[in-house]
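The values are calculated or read from the model by the stated rules, or taken from the named source; none is laboratory data. In this text, all values refer to a predicted model and were calculated from it rather than measured experimentally. With ideal geometry, Cβ positions are generated from the backbone for all residues, glycine too; neighbour counts draw on all protein chains shown. Side chains are part of the model used for accessible areas, which takes the heavy atoms of the whole protein and leaves out ligands, DNA and RNA. Shrake-Rupley method; radii C 1.70, N 1.55, O 1.52, S 1.80 Å.
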Amino acid sequence: MRALGSEDSQLETKNTAVLPPGPAGLPVVGNLLQFRRDPLAFVSGVQRSFGRVATMRMARLPIVMFFRPEHVRYFLVEQARNFTSSQFNINLRRLLGDGLLTTDGEFHRQQRRLIQPAFHKRRVEGYAGIMVQHTQEMLDAWQPGERLDMAQAMRDLTLRIVAKSLFDVDIQQNHPELGASFTNVIENPVQSPFSVRALPINLPFTPYGKHMQGKRTLDAYVYALIEERRASGRDTGDVLSMLLAAREDDVTMTDQQVRDQTMTLFAAGHETTANALTWTFYLLSEHPAVREKLLAELHTVLASRAPTVDDLPQLPYLDWVISESMRLYPPAWTQGRCAIEPFELEGYHFPAKTVVMFSQWVIHRLPDIWGDPDTFRPERWDPAHAQKVPPGAYFPFGAGPRMCIGMPFAQLEARLLLATILQRYAPRLAPGYPVVPRPRVTLRPKYGIQMMLEPTIARAPAIAASA
Ligand code: HEM
């Protein structure tokens with residue numbers, strides 16, 4: 001254990017706490033620059049050097065990084081009530097307001113109860129038709145041999161699907177600018193624990209200006225949507241109607257509250273799934289044997305027809321490919337919490353307000369758990385000879401009471417979209433194209449992923465039989 005120096009820690013000066021040791025940093029900024037330069041390499045390196053736990057300093061804010069599956073269980077499941085999401089979500093909160101992702105305590109629990117019915121299995125399965133139909137429309141516009149940015153294509157598609165499924169609107173036709181607005185807000189954080197606060201210079205080319213422009217566009221769209229639905233009195237049975245009809249002690253939700261939940265579902269409901277699909281296409285392109293096996297399974301079960309919910313139990317390999325892709329490239333690459341009360345862990349006493357972080361990127365690649373962590377091997381998810389994955393070691397959707405509410409939606413969507421697209425095209429990475437993961441709120445490819453659309457040749461029965 002190491003006593004902290006006197007100059008570098010807000011928590012330490014307030015609480016005289018002894019925090020676990022961590023990587024050396026610079027005066028004033030601490031580890032901020034190292035982290036900003038390459039967050040994935042930095043957190044992985046810290047884990048390799050310090051093992052189970054380490055403290056990094058984002059300027060004056062110490063963040064304690066925990067690296068073991070049992071820690072994930074502790075923060076997200078066993079002691080979930082002692083930890084809030086607030087500190088980690090400062091930037092998101094500017095866009096999402098008091099939505100499900102960015103609130104805590106009783107308010108969060110009440111809102112979650114309200115929204116939960118929209119994500120029940122039966123309800124979600126009812127969206128399968130929209131998912132497949134929108135994908136087919138996208139495919140009809142694609143040309144064999146065409147080169148495109150798969151990341152962009154998947155973002156456009158998943159945004160369209162979430163808008164139609166949850167809010168009954170077609171945004172492709174009327175509002176193609178919304179996707180770019182989300183990107184502007186996410187790529188230009190105004191304030192987060194990992195960045196220097198953006199200067200509030202509101203010009204079209206400054207980060208602050210881009211953030212504000214994106215937010216204005218999104219706000220205008222969502223408020224207009226609410227106003228139109230309230231005015232029409234239409235109940236379409238979708239999430240927006242549910243929110244507008246919600247009542248507690250005879251009080252209905254204000255426009256601002258409906259806006260915050262709507263914006264949260266729009267944002268959380270497309271970007272993550274788009275990233276999961278993009279990374280999966282990339283991995284399949286890099287691993288032809290896996291791609292062939294998957295194409296053979298699709299051919300055997302579907303024989304070129306569109307997939308339905310009932311087909312999914314017959315497509316286990318599809319499922320393993322997606323699970324393995326989200327292990328190596330988790331769309332939510334890290335999570336954080338802030339302690340309400342002091343807590344004890346790993347032999348340390350942590351004061352109230354300690355900020356903790358645990359990263360899917362690191363824990364999904366711990367060698368003592370995964371054996372060959374860097375290998376893309378979907379077979380590791382085969383229940384017949386699955387390796388034992390300890391609780392908390394794999395958590396792409398989080399865990400506990402705040403586990404992703406959209407998980408059933410995302411899992412259905414990822415499988416249906418992948419199956420539908422792969423039956424027509426087996427996209428290949430454009431030769432020499434640089435693929436660099438860029439961890440922001442989600443794990444995106446920094447330069448997108450340019451892929452060539454190679455038509456899927458019908459699988460010969462012999463190949464299918466050998467799968
Ligand atoms: C592959 C796709 C997805 C991934 C990897 C993912 C991941 C996550 C994770 C890790 C959390 C927990 C955050 C935390 O505990 O701090 C979360 C929460 C959440 N997700 Fe997802 N998500 C995905 C898709 C979706 C979809 C499709 C929707 C909605 C349609 C959605 C809506 C939400 C919401 C509203 C929360 C906040 C839940 C709460 O705090 O009660 N997500 N997601």
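Things to note:
- Total charge dipole magnitude, the range 346-394, about the Cα centre, Cβ charges on Lys, Arg, Asp, Glu only, Debye to nearest 20: 180
- For ARG444, residues with placed amide H under 5 Å, excluding near neighbours: ARG438
- Reach of LYS353 by Cα under 20 Å, taken over lysines that are not fewer than 8 positions away in the same chain: LYS14
- Modelled this way, with points 7 Å down the Cα-to-C-beta line, the labels at ASP38 and GLU344 are 4.0 nm from one another.
- Accessible-area ranking of HIS349, HIS299, largest first, probe 1.4 Å: HIS349, HIS299
- Rounded to the nearest 20 debye, the dipole magnitude of the chain is 860 debye, with +1 charges on Lys and Arg beta carbons, -1 on Asp and Glu beta carbons, and the Cα centre as origin.
- Only lysines eight or more places from LYS446 in sequence, or on another chain, were considered; those with a Cα closer than 19 Å are LYS210.
- Per-residue HN-Hα couplings for the range 119-136 [Karplus 6.51, -1.76, 1.60; θ = phi - 60°; Hz; x = Gly/Pro]: 10, 5, 3, 4, 4, 5, 4, x, 8, 4, x, 4, 4, 5, 4, 5, 5, 5
- Among LEU429, TYR348, ILE322 - extreme Cα towards positive end, dipole of the range 301-442, charges at beta-carbon: LEU429
- The range 252-313 and the range 149-175 have Cα centres lying 13 Å from one another.
- C-alpha center-to-center spacing [the range 18-94, the range 355-422] in angstrom: 21
- Candidate cross-link partners of LYS121 among the aspartates and glutamates, defined by an alpha-carbon separation under 16 Å and a same-chain spacing of 8 or more, comprise ASP238, ASP310, ASP311, GLU413.
- Rounded accessible area of ASP250 (nearest 10 Å², 1.4 Å probe): 120
- Each Lys or Arg adds one and each Asp or Glu takes one away; over the other residues whose Cβ falls under 12 Å from the Cβ of PRO445, this sums to +4.
- Residue-wise HN-Hα coupling along the range 436-449, computed from phi with Karplus coefficients 6.51, -1.76, 1.60 (Hz; x: Gly, Pro): 10, x, 10, x, 10, 4, 10, 8, 9, x, 4, 9, x, 9
- Sparse-neighbourhood loop sites, trypsin sites (Lys or Arg not before Pro) in the range 280-360 - DSSP loop, at most 11 other Cβ within 10 angstrom: ARG305
- A 1.4 Å probe run over the chain, with the rest of the protein chains in place, finds 43 Å² accessible per residue.
- Percent accessible area from carbon and sulfur atoms, the chain, protein chains only, probe 1.4 Å: 55
- By accessible area with a 1.4 Å probe, ligands and nucleic acids excluded, highest first: order of LYS446, LYS388, LYS210: LYS388, LYS446, LYS210
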